[in-house]
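Worksheet: one structure, shown below.
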Amino acid sequence: MIGGEWRSRKVSFAATEGLRPTADRVRETLFNWLQFDIVGARCLDLFAGSGALGIEAASRGAKSVLSIERNLDACSAIGSALQDLQAQRVQLMCADVMSVLSSDPKAPFDIVFVDPPFNKGLVAETLELLEAYGWVDAGSKVYLEMEAVEPLADLPGGWFITKSGRAGEVAYYLCGKQ
């Protein structure tokens with residue numbers, strides 16, 4: 001982890017095809033962007049993969065984190081990391097993200113991390129489902145991480161980009177919602 005309660009703790013992740021944890025410097029930039037928003041936030045980590053974004057959010061004071069990952073090996077590794085850290089504020093759901101997003105969230109999230117597998121065209125559909133089912137509302141922040149060569153999908157109405165960056169083959173964006 002980069003900062004917070006579990007600063008300098010190493011988190012192991014499953015060696016799964018297509019799994020690429022968010023690079024440390026990108027994660028550091030993201031959490032610098034979110035430094036005034038993360039404490040007490042309800043966070044949603046979609047396509048959790050290594051679990052690094054959700055765990056980092058909890059480490060930095062998020063009130064709660066729901067991490068969703070479909071791959072069973074990745075889920076097992078995240079679960080082990082959560083147990084090792086005694087991360088009580090992180091809930092792990094081993095399920096298909098699109099199926100979960102097609103349901104009622106009970107309450108919108110403050111911060112959503114969207115880091116889907118590359119070359120699958122999942123960003124646009126994910127954003128549409130977040131909007132359509134009320135997973136976000138005015139004031140929510142949505143982090144997008146995607147392949148730099150992939151054009152950014154049209155954002156739903158009322159969404160806007162507040163910050164962006166690029167690191168190697170990865171482009172990343174912080175979006176807001178009015």
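No lab work stands behind these numbers, since they all come straight from the coordinates. It should be emphasised that the depicted structure is a prediction, and the values quoted were computed from it without experimental measurement. Neighbour counts run over all protein chains shown; Cβ positions are idealised from the backbone, glycine included.
The charge dipole of the chain, taken about the Cα centre with unit charges on the Cβ atoms of Lys, Arg (+1) and Asp, Glu (-1), comes to about 620 debye, rounded to the nearest 20. Normalised by the number of residues in the range 32-178, the mean separation of alpha-carbon contacts (under 8 Å, six or more apart) gives a relative contact order of 19 percent.
Using the alpha-carbon centroid of each, what span in Å lies between the range 48-73 and the range 96-131? Here the two parts' Cα centres lie 14 Å apart. Take every Cα pair under 8 Å whose residues are at least 6 apart in sequence, average their separation, divide by the length of the range 24-96, and the relative contact order is 29 percent. Among the cysteines of the chain, C43, C175 have no other cysteine beta carbon within less than 4.7 Å of their own.
Computed across the chain, the Kirkwood radius stands at 16.0 Å (inverse of mean 1/r, all Cα pairs). For the range 113-178, the residue among G134, G157, G176 whose Cα projects farthest onto the positive side of the dipole built from Cβ charges is G176.
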